[in-house]
1. Under unit Cβ charges (Lys, Arg +1; Asp, Glu -1), what dipole magnitude, rounded to 20 debye, does segment 343-468 have relative to its Cα centre?
2. Please tell me the relative contact order of the chain in percent, rounded to the nearest whole number, where contacts are Cα pairs under 8 Å and at least six residues apart.
3. Across the chain, where is the longest run that never hits GluC sites (Glu not before Pro) in a DSSP loop with at most 11 other C-beta atoms within 10 Å?
4. State the dimensionless ratio Rg/Rh of the chain (Rg: radius of gyration of Cα atoms; Rh: Kirkwood radius).
5. What's the Cα-based Rg to Rh of segment 1-107, Rh via Kirkwood?
6. Would you list Arg386, Arg115 from fewest to most Cβ contacts within 10 Å?
7. For the chain, what is the charge dipole size about the Cα centre, in debye to the nearest 20, if Lys and Arg each add +1 at the Cβ and Asp and Glu each add -1 at the Cβ?
8. Taking the Cα-to-Cβ direction at Arg85 and at Glu194 and moving 7 Å from each Cα, how far apart do the two end points lie in nm?
Amino acid sequence: MTNKSAIVVGAGFGGLYMLHLLRANGYHVQGFERGDDVGGTWYWNRYPGCRCDVESMEYSYQFADDLQQQWDWSERYSAQPEILRYANHVADRYELRGLIRFEATVTAATYDAQRKRWDVEINGDDTACADYLIMATGCLSAANIPDFLGLADFQGNTYHTGQWPKDGVDFTGRRVGIIGTGSSGIQSIPLIAEQAEHLTVFQRTPNYSVPAQNKPLETAFVEDVKANYDDFRARNKAIPPAFGADFPRHFDSALDATPEEREARFEEHWRYGGFAFLAAFADIGLNMDANWHAAEFVRNKIRAIVKDSNRAELLCPDTVIGCKRLCADTGYFETYNRDNVSLVDVSTNPIEKITTQGLVTGGVSFEFDDIVFATGFDAMTGALLRANIRGTSGVELKDKWREGPRTYMGLMTEGFPNLFTITGPGSPSVLANMITGVEHHAEYIIDLLNWMQAAGHETVEAERDAEDEWVELVNLRSQATLFPRCNSWYLGANVPGKPRVFMPFLGFPDYCAKLDGIRDAGYAGLSFA
Ligand code: NA7
């Protein structure tokens, strides 16, 4: 037992495991969570059709073999209710609930350099303090509702996909408008369309989506994975996204194939489903010409599925495929063949205003009973900046990150001693298997804290030079790919005014090797006191 204490903010998968490790290592620990239960992103995103785009056998903790052996998933891609049940199972199994105060939003966190402690304000009127502050606040947890004129005037119901009511929503017989065609829109539109009297989709940018090809998990497959789970996990951790090791994967160039070979390869990957589509050739994410072939294949699929040719063209993206997160759907494009679904292009005529009865775009008024905002998140930095974090000399994180997030290893930021970010910007985070990522971070943090206890250090802080080099490295790695060539939330481009900086570190194995090297060099780039 140590006399050191830690506050963990967030009770999603990162926070839960961090709490477990801290307690197991003898730290005094207190968790705070905005929701009234565990689950984080999977607690809030309850919209119809919400489902993980990483396969179930991979999207789970691997720190305890009995846990992964005993838990059973029902489908190839788990739906939100099942993932939330899993989070609850973990919280109960490891008796974590007692460590967490629910409905407790951290509204400010200030480092006291004299006492070498973090003072945290909860719900604006309560306080707590600890030696270490660990932000496990998630990458997709700060909802983005655009600042539409007249937003408060609407007299019907409004919903954001990332803040969905616990009891669900019944759209039967209702006129519904939905804004946004990212993953949340693409997953929810087919199901809302089945219920609503009429659904109008407001699309600013069409998106690439590949069928998920979701299905019940086969017993023989599950047994095989479980019999070789360590090997399965190790193979996944050895590839850049830390998932999909068993995808059909090809290492040749799309440009070396004949048109017939390309078509056959893309068809094979389309039928396999989901992210595997991007593994059809080695250079889809690297070469614009190769990328065009993959994009054109999807456009032709859209043209074949959607019967109204004008509507099909509106749904065809002309951007780089895989640059925004590729979506995995169930019946998305088919939904546009329904009589009760309309599609409105707002790319050239932005939504002008929300009215008491609906909204106006291009001078045309639409009336709705309900409006759904599938408008995404202030990703990766939003939840951290909303917590009003102040470091040494009162520096605010939002000021330090005004030109974009700056971290060392995606874990720490200079000027903020003893503050850690689980899957922070500058770590693989959203471009790797998130659960693998949070486990790696929580384990790295606990090793570092234990090392500090043994060495008698009270504080740890990133060094400015090391941080500058890290930011440069993250940026350079993205420049070698096509990721910077669109307006994605990976770049902060979805939120007006947000600096355009590519935030995830590309490549989980390289990232882990770098962090191991830093640790083996006595935590080079961190300074201790
Ligand atoms: P996304 O992928 O950020 O999608 C948000 C959508 O909302 C996208 O189509 C946006 O269009 C649209 N949007 C945002 N603001 C507006 C305004 N002002 N007017 C019209 N349309 C707008 O969020 P999701 O929740 O779907 O998915 C986030 C991640 O969660 C996803 O990648 C998975 O990892 C899970 P835009 O493309 O910006 O033109």
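Only the coordinates and a few stated rules stand behind these numbers; no lab work does. Source: prediction; values computed, not measured. Counting neighbours? That spans all protein chains shown, and the Cβs are built from the backbone with ideal geometry, glycine included.
1. Values: 8 positive and 19 negative charges, 49 e Å.
The dipole of segment 343-468 has a size of about 240 debye.
2. Working: 1074 pairs, mean separation 102.3, N = 529.
The normalised contact order for the chain reaches 19 percent.
3. Working: sites that count: Glu95, Glu218, Glu403.
Result for the longest clean stretch: 219-402.
4. 0.96
5. Numbers: Rg = 14.3 Å, Rh = 14.5 Å.
Using only Cα positions, Rg/Rh for segment 1-107 is 0.99.
6. On the way: Arg386 16, Arg115 10.
In order of increasing Cβ crowding within 10 Å: Arg115, Arg386.
7. On the way: 48 positive and 72 negative charges, 130 e Å.
Using Cβ point charges on Lys, Arg, Asp and Glu, the chain gives about 620 debye.
8. Going from the Arg85 label point to the Glu194 one covers 1.8 nm.
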